[in-house]
Amino acid sequence: MPTKPVLIAIALLLGLIALVAAWAAAGAAGIVSADRLRLLLAEARAHPWAPVLVLAAFLVGGVVAFPMHLLILTTAAVFGAWLGFFYSAVGAFSSALLMYFAGMWLGKASLAQLFGPRLQRVLAAARDRGFMVVVAFRILPVAPGTMVNLGLGVSGIRPADFIAGTVVGMTPGLLLMSVMGDRLMAFVSEPTLHEAILLGLCVAAYVAFVVGMQRFLSRRRQG
């Protein structure tokens, strides 16, 4: 039976297919056009407050549990793979830290009711295994990021372990997602076979990364 990370990767693939199909239908109906989209993206990139708005979107998204994958894909689509990766990294890390310190400030007693017994046991183990637990949560999301960050703050894990684990665990997937978002926008702008193949390779790389890291971490737990 597929595990949750694999299901997440499959859902992402299906979501991308749905977006491409929606774009094709909208283009055929004359609702949108590639030229109009390029103009809109150019205006967004040139906006003087664009970096601040991106950071604000990630911070608000972290508070309301908005899907971070969608924010990362959107940021890469607007700003390109590398600048989008930088903006997404700053935004995602800042959002994670905000919710982590919120968890620390609120304390275990205030948030105990938000977490079931199983997750509470996992969070208790985080104090002992620290860095590797944070890395595992980043690579294999088992709960919404907002809940994970709050929970890690409540668990009492050291800030140094949280920061290091977040950077190490989040960066590879964030980079792959940024490239994927950039290629998705390239395909939407120019739906050629070449762009379709590149987009497919990006999705395959992300799925392979998720599945590979899941198996790696599973073997480490068993070893």
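Identify, from the list Gly151, Gly156, the residue that is surrounded by fewer than 23 Cβ atoms within 10 Å (Cβ to Cβ) and either among the small types (Gly, Ala, Ser) or within 17 Å of the chain's Cα centre (by Cα) (or both).
On the way: Gly151 fails: surrounded by fewer than 23 Cβ atoms within 10 Å (Cβ to Cβ).
None of the other options fit; the residue is Gly156.
Quickly run through segment 55-75 and pick out the residues that are without any contact (Cβ under 8 Å) to a residue 24 or more places away in the chain and surrounded by 15 or more Cβ atoms within 10 Å (Cβ to Cβ).
Phe66, Leu71
Condition check ((1) among the basic types (Lys, Arg); (2) within 17 Å of Leu199 (Cβ to Cβ); (3) in contact with a helix residue (DSSP H, G or I) (Cβ under 6 Å, 6 or more places away or on another chain)) across all residues:
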residue: Ala46; (1), (2), (3): no, no, no
residue: Leu53; (1), (2), (3): no, no, no
residue: Ala56; (1), (2), (3): no, no, no
residue: Gly61; (1), (2), (3): no, no, yes
residue: Ala65; (1), (2), (3): no, no, yes
residue: Leu70; (1), (2), (3): no, yes, no
residue: Leu73; (1), (2), (3): no, yes, yes
residue: Ala77; (1), (2), (3): no, yes, yes
residue: Trp82; (1), (2), (3): no, no, no
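Would you mind stating whether Pro117 is at pLDDT below 75 and in contact with a Pro (Cβ under 8 Å, 6 or more places away or on another chain)?
no
Restricting to segment 184-212, count the residues that are touching a residue at least 40 places away in the same chain (Cβ under 8 Å) and under 17 Å from the mean Cα position of the chain (by Cα). Show your work before the answer.
Residues of segment 184-212 touching a residue at least 40 places away in the same chain (Cβ under 8 Å): 184-185, 187-191, 199, 203, 206-207, 210-211.
Right, trim to under 17 Å from the mean Cα position of the chain (by Cα) and you get 184, 203, 206-207, 210-211.
So the count comes out to 6.
The values are calculated or read from the model by the stated rules, or taken from the named source; none is laboratory data. On a predicted model such as this, the values are computed, not experimentally measured, just so you know. All Cβ positions, even for glycine, are placed from backbone atoms using ideal geometry, and neighbour counts span all protein chains on display.
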